[in-house]
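The values are calculated or read from the model by the stated rules, or taken from the named source; none is laboratory data. Owing to the predicted nature of the structure, the values given are computational and were not obtained by experimental measurement. Positions of Cβ are backbone-derived with ideal geometry, glycine not excepted, and every protein chain shown enters the neighbour counts.
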Amino acid sequence: MLHKSEECTMLDLLVVGGGYVGLSVAVAIKQAAPHMAIEVVEAAPAEVWKKDVRASAIIAAATKMLEIFGVWDEIEPDAQPINRMIVTDSKASDPVRPVFLTFDGEVEEGRPFAHMIPNVSMVAALRNACERLGVPIRHGVRATGFRDTGPSAELTLSDGSVIASRLVVACDGVRSKLRDLAGIKTVSWDYGQSGIVTTVEHERPHEGMAEEHFLPAGPFAILPLKGNRSSLVWTERTADADRMVAADDLMFEAELERRFGHKLGQIRASEDRRAYPLGLTLARAFVAPRLALAGDAAHGIHPISGQGLNLGFKDVAALAETIVDADRLGLDIGSMNVLERYQIWRRFDTFRMGVTTDVLNRLFSNDITPVRVMRDFGLGVVDRMPRLKNFFIREAAGTSNAGAPKLLAGYPI
């Protein structure tokens, strides 16, 4: 249904944002509805994604969706299964960190509850899928104007071009320009914390074990990567995080070693370390006429649960199923009647996760003795109740919800 006039390009679906969520939206819908004209526009230059040294935790339900996309075989050689997880609660100076909670990593036969995947591997596989499906990706252009014209939306880009589309999907991050252009408000606050992200090489193998240490300044997560390497998400008060990132390698590794410990032998941190401010941002609406928000454009949460990207993948699965079902019924995919189904499907789950991460961060990012005693008691109780632990792990893996979108259950749309 693509055609060009003297004024603008006409599409069925325009995705703004070429990260994992935006690319996944394009792949999911184009795979199920090949007749649709779909395009992705991305503000970043063409090769910038190759410089991303970070890794992400991908839950079991999301790996099922990637299998349906036909990209998991390409990603899996670089993916590290998380076979076990432990949770501790202590001070950085404590010589011994008692383990209060442990999780075994398998939710189904042969399927761990999560994998750690290098971001470049995931983006490369999704970009290859877009190429196979005939979805073009335009780089170096950003949205500067958005207008609902009735039968379509018109998006003005920074290069002066105009694209009309029956539906526009905003996947352009927590500071979404497109969300602002559409007049969608947010609820947000800053935690006064920043997450230091880096990679560590260590002497001994991690054996696929992830660790979450609750320290007074915030959680310190050690997440296994392929080989003797781990990805760190280290939460500190913003001023301290900025100071540590700016410190020389010797001082940074000394502070890191106090928190990381010696269980994996000698450690060496990557020179590439960055601090990202942490906060909570929830869009007041996930849809507007001819527009849907997905991923961080709809919600930005604290990384304490490792669910931020996975919430985005849940958006992808729900939105794709909503749009494809409507198209097969001959409905207008950009109408509010159709988009409201997506909003209802995703809004409560997102709000619940946002509140949960907010409460957990406030509960564990302090050293108030009575609070610490209560939370450690609660962790210990959960650890001694196998059924409750199994419920939590299946929730985290995204495999417990009978009403989940088809893609997350491993079925094509």
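Among HIS302, HIS262, which is surrounded by 22 or more Cβ atoms within 10 Å (Cβ to Cβ), within 24 Å of GLU211 (Cβ to Cβ) and not aliphatic (A, V, I, L, M)? Working first, answer last.
Details: HIS262 fails: surrounded by 22 or more Cβ atoms within 10 Å (Cβ to Cβ).
Going through HIS302, HIS262 in turn, just one is surrounded by 22 or more Cβ atoms within 10 Å (Cβ to Cβ), within 24 Å of GLU211 (Cβ to Cβ) and not aliphatic (A, V, I, L, M): HIS302.
Specify the residue that is nearest to ASP104 (Cα to Cα); the eligible residues are those in the stretch 234-246 that are touching a Phe, Trp or Tyr at 6+ places or on another chain (Cβ under 8 Å) and assigned to a strand (DSSP E or B).
The residue in question is TRP234.
Are there strands (runs of 3 or more DSSP E) fully within the stretch 116-228 with at least 2 residues that are touching a helix residue (DSSP H, G or I) at 6+ places or on another chain (Cβ under 6 Å)? List them.
Fully inside the stretch 116-228 and qualifying: 143-148, 162-170, 186-202, 218-225.
Test of understanding: among ILE68, ILE58, which residue is in a helix (DSSP H, G or I) and among the aliphatic types (A, V, I, L, M)?
Numbers: ILE58 fails: in a helix (DSSP H, G or I).
The unique qualifying residue is ILE68.
Identify, from the list LEU311, LEU291, the residue that is in contact (Cβ under 8 Å) with a residue 40 or more places away in the chain and farther than 28 Å from ALA57 by Cβ.
LEU291
For the structure I just gave you, tell me whether ILE393 is outside the structural domain of ALA170 (by TED's automatic domain parsing) and outside any helix (DSSP H, G or I).
No: the conditions fail for ILE393.
For the stretch 390-400, state whether one or more residues are at pLDDT 85 or above and either surrounded by fewer than 21 Cβ atoms within 10 Å (Cβ to Cβ) or basic (Lys, Arg) (or both).
no
Tell me the residue from GLY295, GLY306 that is in contact with a strand residue (DSSP E or B) (Cβ under 7 Å, 6 or more places away or on another chain) and small (Gly, Ala, Ser), please.
GLY306
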